[in-house]
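Novice: Structure below; questions to follow.
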């Protein structure tokens with residue numbers, strides 16, 4: 001991306017944080033084999049201050065949408081506290097195969113990371129030794145054996161939404177790890193739609209939302225949903 005292209009992805013900016021619209025397919029960190037990554041562009045987001053923004057949380061490489069950055073140590077520390085204490089309201093959009101048995105509900109399945117030499121690592125449901133993992137959801141619409149599901153993760157485990165939806169019989173379209181897609185077959189249909197961050201007690205929460213990426217638009221149209229629809233607040 002050019003400096004202008006990464007700046008065009010800024011959804012919110014204040015003295016403490018930025019919220020940007022992360023593109024799908026770009027890892028947030030440089031991997032072991034180097035290569036392109038989102039952090040390489042943060043130097044273009046200083047807006048005249050001495051600090052380079054830093055990640056306040058993470059998104060998977062293939063997940064698009066809202067990502068919060070701390071602009072300075074104070075902002076980064078505040079973001080860390082909010083995410084650690086579960087005070088950030090997160091809304092995700094997912095296109096899935098199949099539909100849940102219930103139109104809305106809560107998925108509570110502990111998750112644990114496992115790895116193998118031949119298949120690499122992944123997250124699995126482990127009711128005995130897994131970490132607590134909670135996702136609320138509601139089905140926005142369903143048609144042709146697919147669903148548009150809005151998810152509200154209450155914990156922040158790696159691959160949480162992907163594993164939870166697959167576990168209830170609704171793997172995300174384009175997921176080669178927990179679904180039926182072949183690697184590289186099509187983009188993962190998971191989007192970080194919105195963040196609500198109570199940065200300061202004396203001010204309203206920061207709210208930012210990211211438009212759905214182009215690769216998700218045909219599915220949303222197919223499921224007869226409006227692209228500018230207001231996301232749910234997840235007040236379960």
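The values are calculated or read from the model by the stated rules, or taken from the named source; none is laboratory data. Note that the coordinates shown come from a computational prediction; the quantities given were computed from them, not determined experimentally. Counting neighbours? That spans all protein chains shown, and the Cβs are built from the backbone with ideal geometry, glycine included.
Novice: If we keep just the residues of region 109-141 that are more than 27 Å from residue 84 (Cα to Cα) and in contact with a strand residue (DSSP E or B) (Cβ under 7 Å, 6 or more places away or on another chain), which is surrounded by the most Cβ atoms within 10 Å (Cβ to Cβ)?
Specialist: Across region 109-141, the extreme among qualifying residues is 140.
Novice: Within region 206-225, work out how many residues are touching a residue at least 12 places away in the same chain (Cβ under 8 Å) and outside any helix (DSSP H, G or I).
Specialist: Within region 206-225, residues that are touching a residue at least 12 places away in the same chain (Cβ under 8 Å) and outside any helix (DSSP H, G or I) number 13.
Novice: Would you pick out the residues in region 77-124 that are touching a helix residue (DSSP H, G or I) at 6+ places or on another chain (Cβ under 6 Å) and modelled with pLDDT under 95?
Specialist: 123
Novice: Also: Restricting the search to region 61-108, which residues are free of Cβ contacts under 8 Å to residues at least 40 places away in the same chain, in a loop (DSSP other than H, G, I, E, B) and under 23 Å from residue 166 (Cβ atoms)?
Specialist: Of everything in region 61-108, those that are free of Cβ contacts under 8 Å to residues at least 40 places away in the same chain, in a loop (DSSP other than H, G, I, E, B) and under 23 Å from residue 166 (Cβ atoms) turn out to be 61, 102, 103.
Novice: Answer yes if at least one residue in region 70-79 is over 25 Å from residue 178 (Cα atoms), buried (at least 19 other Cβ atoms within 10 Å of the Cβ) and within 18 Å of the chain's Cα centre (by Cα), and no otherwise.
Specialist: Yes, the conditions are met somewhere in region 70-79.
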